[in-house]
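Data first, discussion second: the structure below is written as structure tokens.
The values are calculated or read from the model by the stated rules, or taken from the named source; none is laboratory data. Note that the structure is predicted; figures quoted are calculated from it, not measured. Ideal geometry is used to build each Cβ from the backbone, glycine not excepted, and the neighbour counts take in all protein chains shown. Only protein heavy atoms, including side chains, enter the accessible area calculation; ligands, DNA and RNA are left aside. Shrake-Rupley method; radii C 1.70, N 1.55, O 1.52, S 1.80 Å.
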Amino acid sequence: MANKEKLFTEFQAPTTQEWLDKIEVDLKGADFQKRLVWRTNEGFNVQPFYRREDLKDLKTPDALPGEFPFVRGNKKDSNEWYVRQNIAVSDPKEANAKALGILNKGIDSLGFRIPKDLVTPEDIEALLEGIYCEIVDLNFRTCPCHALKLAEIVDDYFTKKGFDKEKLSFTVGFDPIENMLTKGKDVTARLADGPKIVELLKDYPKAHVMTVHTETLNNAGAYIVQELGYALSWGNEYLQQLVDAGIDADIAARQMKFYMGVSENYFMEIAKFRAARLLWAQIVKQYEPKDDNSCKMCINATTSTYNQTLFDSYVNLLRSQTEAMSAALGGVHSMVVTPFDAPYEKATDFSERIARNQQLLIKEESHFDRIVDPSAGSYYIEHLTDALAQEAWKIFLRIEDEGGFLEAVKKGVVQDDINATNVKRHGDAAKRKEFILGTNQFPNFTERSEGKRPACRPVCCGNSAAQACEAPFKKLETTRLAADFEDLRIHTEETRVPTAFMLTIGNLAMRQARAQFSCNFLACAGYKVIDNLGFKTVEEGVDAALEAKADIVVICSSDDEYAEYAIPAFNYLDGRAMFVVAGAPACMDDLKAAGIENFIHVRCNVLETLKEYNAKLGI
């Protein structure tokens, strides 16, 4: 029992250089930078490994939970967050019944989206009937032009019911700038209502008013660093306006709330929330608040819709589950998991139940709510936190130099930046540089849309599409990443589904690999694909394809063997079906000279190639 010998003392710890030397040997002369160093979309490099020495100049590992600058979270004793579900209110009594129901199913935060014609004392009272407001986190949102009225009604309701203001946790969301971004509307006149609402609710210590909806940027395709940088600038715009209007800095900062999205980049998203708190605390500190707690950043996280898909939609559960884990480990205040069927229908009871249970699972079974900032000390995540903070700060400073966030939105700077990213990401998805599982990579060969179509989003205040087109400012484009492939696949379904036949011949390993690649490639457009074990001759393969009534015949073999098989197969087919070569063999020029014009390989633009094939097939 007295033996206190330390384990592994006989082993000498390798140095970083020794690791690099070993990696160089394993790479067998390949370029380390090209093979193993990841250049992120966020503008910085990620190394294949990190060691303690990489953190020696960083301050984040020295931080403590619940203390300035709150990089490790706002709490000291737990990682508890509110499990939130949003309800679109069309009938207050029905919405109330739904709210009461889900409060018994694990929800402790409610979000009500209220149309302008229901912003009345009677409707709000009906909406909140039977809800114990002191133990539920409540969130109200309506159009900016009715937010002040809504705040007054909510305040009157709480006062009439005699609720303890110290216990009430609620938000009356006011974010007119979001309308400028999404609708292009000029709502600058409404900005004056912000200080009025804040002043009205200043006696509620847990109330939030000024909201920053960067989930909108996330769902428009923004990279993580863009969402983070613009969140800081957006929040600072509101904070400056409140202080300029005479609101005390502590009250102004306390009433800020950030609604951020969560993408599928697991570790990067954890780091994003840590970096966000770090930077926001530094910004608020410049306003000289009396209490450091005013520098805490209150974040509601919502899993992304940008990467959700209409086809193979249950994969959305995998996406949103990892996103929810990132948000929880990142230490958010509350969280909404977007139902998996959001791309194509109004959420069903089933999809809403699954979305709730996704949060309850990581709480009740994985205990993510028990440990504060469990990612702290990870060399990798600490590096990501610092790198994101530095890149996001550059965006923040650039926007401030251009006159602030509001001015940047008026000029279209923010919209142009995010829209350019959206275009790039759609281009990357078309080339499969960005994978969308079940859509542009490994699609379900037999799945059909079964009438599912992309869901339409409601327009604020009931404005028509024609009115939206007259907007004075640029708007964000919010097309989901998978939409282009989905449109193509649905068009194929509705017109004619062609059959693609794999003429596999020659080298066993190569023909199987290329047949699998080709099946995945062509199934992205909804084509029926027929794979085969192999043929002894090209004539046998072509005959089998024609017997199967194939519209496309894809020859799958090795590069060397294409010189032998491709031209005879093409000539024997004699135009009775489209002929495609799987790969980009060295003899490609010879094959093209013989009249073969269709090749599919990893460097292809999958989307454009499939559109071209549809056109050739008359689809």
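Computed over the range 174-242, the Cα gyration tensor eigenvalues convert (square root of 5λ each) into semi-axes of 23, 15, 10 Å, ordered from largest to smallest. When both bridge partners sit in the chain, DSSP labels roughly 5% of those beta bridges antiparallel.
Oblate is the label for the range 41-92, because a/c, from the alpha-carbon gyration tensor with a ≥ b ≥ c as root eigenvalues, is 1.5 or above and a/b does not exceed b/c.
Sorted from greatest to least, the principal axis extents spanned by the alpha carbons of the range 1-60 come out as 53, 35, 17 Å.
With the convex hull of its Cα atoms as the shape, the range 119-168 has an orientation-averaged projected area of 3.4 nm². Straight-line cross-link partners of Lys363 among the aspartates and glutamates, defined as a Cα under 12 Å from its Cα and at least 8 positions apart when in the same chain: Glu80. Of the residues Gly534, Phe70, Ile87, the one whose Cα sits farthest towards the positive end of the charge dipole of the chain is Ile87 (charges of +1 on Lys and Arg Cβ, -1 on Asp and Glu Cβ, taken about the Cα centre).
When every Cα-Cα distance of the range 250-396 is counted in 5 angstrom steps from zero, the calculated P(r) takes the values 2, 10, 17, 19, 18, 14, 10, 6, 2, 1, 0 percent. For the chain, the longest principal axis of the C-alpha atoms and the axis of helix 266-285 are separated by about 30°.
Note the angle between two axes, namely the Cα long axis of helix 508-523 and the longest principal axis of the Cα atoms of the chain, as a number of degrees from 0 to 90, rounded to the nearest 10. In the chain, helix 508-523 runs at an angle near 50 degrees to the longest axis. In the chain, if the dipole is taken from +1 on Lys/Arg beta carbons and -1 on Asp/Glu beta carbons about the Cα centre, which of Gln240, His426, Leu217 is farthest to the positive end? Sorting the options by dipole projection puts first Gln240. Computed over Cα pairs, the Kirkwood radius of the range 268-327 leads via Stokes-Einstein (1.002 mPa s, 20 °C) to a diffusion coefficient of 157 µm² per second.
Taking every Cα-Cα distance in the range 200-324 and sorting them into 5 Å bins starting at zero, the pair-distance distribution P(r) comes out as 2, 11, 21, 21, 16, 12, 9, 5, 3, 1, 0 percent. Size descriptors for the range 479-533: radius of gyration and Dmax over Cα atoms are 13.4, 43 Å. Carbon-plus-sulfur accessible fraction, the chain (probe radius 1.4 Å, protein heavy atoms only): 52%.
Computed from phi, the 3J(HN,Hα) profile of the range 609-619 under the Karplus parametrisation 6.51, -1.76, 1.60 (θ = phi - 60°) reads 4, 5, 5, 5, 5, 4, 5, 5, 8, x, 9 Hz, with x in place of Gly and Pro. Projecting the alpha carbon convex hull of the range 357-514 along each direction and taking the average yields 17.6 nm². Computed log10 I(q)/I(0) for the range 141-256 at 0.11, 0.12, 0.16, 0.24 Å⁻¹: -0.37, -0.44, -0.76, -1.39, from the Debye equation with unit scatterers placed on every C-alpha and solvent omitted. The angle between the Cα long axis of helix 349-360 and the longest principal axis of the Cα atoms of the chain comes to about 70 degrees, rounded to the nearest 10. Taking 19 Å as the straight-line reach from the Cα of Lys185, the lysines in range (excluding those fewer than 8 positions away in the same chain) are Lys116, Lys410, Lys411, Lys474, Lys475.
Looking at the range 470-588, the accessible area is 42 square angstrom per residue; that uses a 1.4 Å probe and ignores ligands, DNA and RNA.
Straight Cα distances below 17 angstrom link Lys183 to the aspartates and glutamates Asp175, Glu215, Glu407, Asp416, Asp417, Glu470, Glu477, with same-chain residues fewer than 8 positions distant left out.
When all alpha-carbon pairs of the range 519-610 are counted, what percent fall beyond 18 Å? Looking at the range 519-610, the distances longer than 18 Å represent 42 percent of pairs.
Annotation for the range 296-355: chymotrypsin sites (Phe, Trp or Tyr not before Pro) lying in DSSP loop with at most 14 further Cβ atoms inside 10 Å of their Cβ are Tyr314. With 20 Å as the limit on Cα-Cα distance, the pairs of Lys76/Lys105; Lys196/Lys296; Lys76/Lys206; Lys272/Lys346; Lys528/Lys611; Lys549/Lys592 that go past it are Lys76/Lys105; Lys196/Lys296; Lys272/Lys346; Lys549/Lys592. Placing +1 on the Cβ of each Lys and Arg and -1 on the Cβ of each Asp and Glu in the chain, which of Asn307, Gln17, Cys519 has its Cα farthest towards the positive end of the resulting dipole? It is Asn307. Give the share of C-alpha pairs in each 10 angstrom bin for the chain, from 0 to the last occupied bin, in whole percents, shortest bins first. Using 10 Å bins, I get a P(r) of 3, 14, 22, 22, 16, 12, 7, 3, 0 for the chain. Sorting the segments 569-575, 156-162 by their mean number of nearby beta carbons within 10 angstrom, highest to lowest, gives 569-575, 156-162.
With no solvent and one equal point scatterer placed on each C-alpha of the range 309-374, evaluate the Debye formula and give log10 I(q)/I(0) for q = 0.13, 0.14 Å⁻¹, two decimals. Debye curve over Cα of the range 309-374, log10 I(q)/I(0) at q = 0.13, 0.14 Å⁻¹: -0.36, -0.42. Note on exposure: Glu80, Glu486, Glu547 ranked by accessible area (1.4 Å probe, complete protein assembly) read Glu547, Glu80, Glu486, with the most exposed listed first.
How much of the calculated P(r) for the range 1-126 lies past 23 Å, in percent of all Cα pairs? Everything past 23 Å amounts to 69 percent.
Could you pull out the GluC sites (Glu not before Pro) across the range 1-63 that fall in loop regions by DSSP (anything but H, G, I, E, B) with no more than 14 other Cβ atoms inside 10 Å? Answer in residue order: Glu5, Glu10.
In this Cβ point-charge picture (+1 for Lys and Arg, -1 for Asp and Glu), the chain has a dipole of about 360 debye about its Cα centre.
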